[in-house]
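Here the structure is laid out as structure tokens; the discussion comes afterwards.
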Amino acid sequence: MKAMAFQQAAEPLTLEAGLTGQYHSVEFQPKALGTFYHSRLWELTPGAPCVLVKPSSRVLPHLNVGDTLAMKYHPVDASRPDAVVNTRIGHITPEHQGRFKGHVLVGLTLLGDTENGV
């Protein structure tokens, strides 16, 4: 499988206006998985982005709290470039009730832009 090269965003990613107001999804590749995972981006608490993962998903065993991955954020406005940002897994929390019952919330912490060609 050919590795996809991510390119650095022209503008820095910020949480000022709410990340989900600017970006609708995120894509990343845990090295051990060998394939890309694409998910809708959620912000259940302002400034605390996360993705939802089914407990049976192949990606879940490859995610650990504290892992840092280059994640590609896809903007709501398709005329804007994608943003690739080093992102840390902040928490992995199973949801047992409410809207996301039966899913796992994976909390994301943005660390900063990656280098070109990641």
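When segment 45-76 is filtered for residues that are loosely packed, with under 14 Cβ neighbours inside 10 Å and touching a residue at least 40 places away in the same chain (Cβ under 8 Å), the ones remaining, listed by number, are Lys54, Pro55, Thr68, Val76. If you go through segment 29-65 and pick out every residue that is closer than 14 Å to Gly107 by Cβ and more than 15 Å from the chain's Cα centre (by Cα), you end up with 2. When Phe100 is evaluated against the numbered criteria (1) out of contact with any Pro (no Cβ under 9 Å at 6 or more places or on another chain); (2) at pLDDT 90 or above; (3) at negative phi; (4) surrounded by fewer than 18 Cβ atoms within 10 Å (Cβ to Cβ), which criterion, by number, is the only one it fails? The single condition Phe100 does not satisfy is (2).
The values are calculated or read from the model by the stated rules, or taken from the named source; none is laboratory data. Just so you know, these numbers come straight off a predicted model, no measurement behind them. Cβ coordinates were reconstructed from backbone atoms using ideal geometry, including for glycine residues, and neighbour counts include every protein chain displayed.
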